[in-house]
Amino acid sequence: MGSEYELKYRADGEVLTSVRTTFPARWQKIPMETTYYDTPSRALSARRYMLRRRLENGVSVCTMKTSGKGNLRGEWEVTSDSVTEAVSELCKLGCPAELESLSAEGLVPICGARFTRQAGTFTLRECTVELALDQGVLFAGEKEIPLCEIEVELKSGSREAADDFARQLADIYGLQPEEKSKFARALALCNEG
C-alpha cells in the first residue's frame, strides 16, 4: 500500500513569509489546480475516499487517498490527463479495488482548490520532510474560501522525528493543527445552503 504521513497547520500569509525566510532551502514554487471527483451518488466520499486530478506546474497527476489512523493515510498516484482513465492504474498500484466498480457509475467534478505551493525539503537528524506552504482558495461551484496552511510531510525516516519538527514549528509560529483535509473543507462548501 502507498502511504502518506503528514501534519497540517492553519497559517496566514505573514507566517508563510516568515517560515520561507527563516528556513534556508531551495524553495520550489508550484502552481496547483485541483479538481476533486466523486460519483453522482457520492459513493467515494461516503467511504472517506478522495479522488483528485491535480495540475502541478502543468503536469496532470491523479491521486486516490483513503482514511487511516491519525496522520497516516493510504495514497496512490499516477500521471494521467484523465481521472477516469487513471482509475485502473490506481487499482493496479494497490488502492481499494472497489474503486473500479464504484467508478462505473461515472465520475463528476464536485469541488476543488487553486493555490500556490512553496515547497522545501529538509533533512533532519532522523528523517527527511517536505515543508509545504500553501496559499490560495478552496471552491465548490461559485463558493470560495481562503486557503492558507503549512504541511509537514514525512518523506523518509522516523515519524516521531517528523512529529517533533512539526511541534517545534507550531510552537515557534503559534500554529494550530488543521484537522480537515483540503478536500473535506472544499466538500463542506457543497453542502452549504
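Read the figures in this text as sums done on the coordinates, not as results from a lab. Note that the structure is a prediction, hence the values are computed from the model and not measured. In this analysis, Cβ positions are derived from the backbone assuming ideal geometry, glycine residues included, and neighbour counts consider all displayed protein chains.
Of all segments of the chain bounded by trypsin sites (Lys or Arg not before Pro) found in a DSSP loop with no more than 16 other C-beta atoms within 10 Å, the longest spans 70-124. Cβ-Cβ distance of residue 168 and residue 33, R₀ of 45 Å, FRET efficiency by 1/(1 + (r/R0)^6): the value works out to about 0.90. In terms of its C-alpha gyration tensor, segment 83-193 has an oblate overall shape, because the principal axis ratio a/c (a ≥ b ≥ c, square roots of the eigenvalues) is not below 1.5 and a/b does not outweigh b/c.
Scalar couplings 3J(HN,Hα) for segment 33-50, obtained by applying the Karplus form with A = 6.51, B = -1.76, C = 1.60 to θ = phi - 60°, are 10, 10, 10, 9, 10, 8, 7, x, 8, 6, 5, 6, 5, 4, 9, 6, 9, 10 Hz; x denotes Gly and Pro. Annotation: lysines with alpha-carbon distance below 23 angstrom to residue 29 (same-chain offsets under eight excluded): 8, 155, 182. Remark: the Cα gyration tensor places segment 26-84 in the oblate category, a/c being 1.5 or greater and a/b not exceeding b/c. Output the 0 to 90 degree angle, nearest 10, between the alpha-carbon long axis of helix 83-93 and the longest principal axis computed from the alpha carbons of the chain. Computed tilt is about 70 degrees. Taking the helices alone, the chain has a mean residue ellipticity at 222 nm of -8000 deg cm²/dmol, built from -39,500 (n - 2.57) per DSSP H run of at least 4 residues and averaged over all its residues. Seen against the Cα atoms of the chain and their longest principal axis, helix 159-173 is set at about 70 degrees. With only the Cα atoms considered, the chain has a convex hull volume of 121 Å³ per residue.
Distant-in-sequence amide contacts of residue 144, defined by a placed amide H-H separation under 5 Å and a gap of 5 or more residues or a different chain, comprise nothing. Taking 0.36 nm per residue of separation and subtracting the Cα-Cα distance, full extension of the segment from residue 57 to residue 72 would add 2.8 nm. Restricting segment 20-112 to GluC sites (Glu not before Pro) that sit in a DSSP loop and have at most 16 other Cβ atoms within 10 Å of their own Cβ leaves 105. Given axes a ≥ b ≥ c from the Cα gyration tensor, I'd like to know whether segment 100-160 is rounded (a/c under 1.5), prolate (a/b larger than b/c) or oblate. Here segment 100-160 falls in the oblate category. Only Lys, Arg, Asp and Glu carry charge here, each on its Cβ (+1 for the first two, -1 for the last two); on that basis the chain has a dipole of about 80 debye about its Cα centre. Normalised by the number of residues in the chain, the mean separation of alpha-carbon contacts (under 8 Å, six or more apart) gives a relative contact order of 26 percent.
Applying 1/(1 + (r/R0)^6) with r as the Cβ-Cβ distance of residue 18 and residue 105 and R0 = 41 angstrom yields a FRET efficiency of 0.35.
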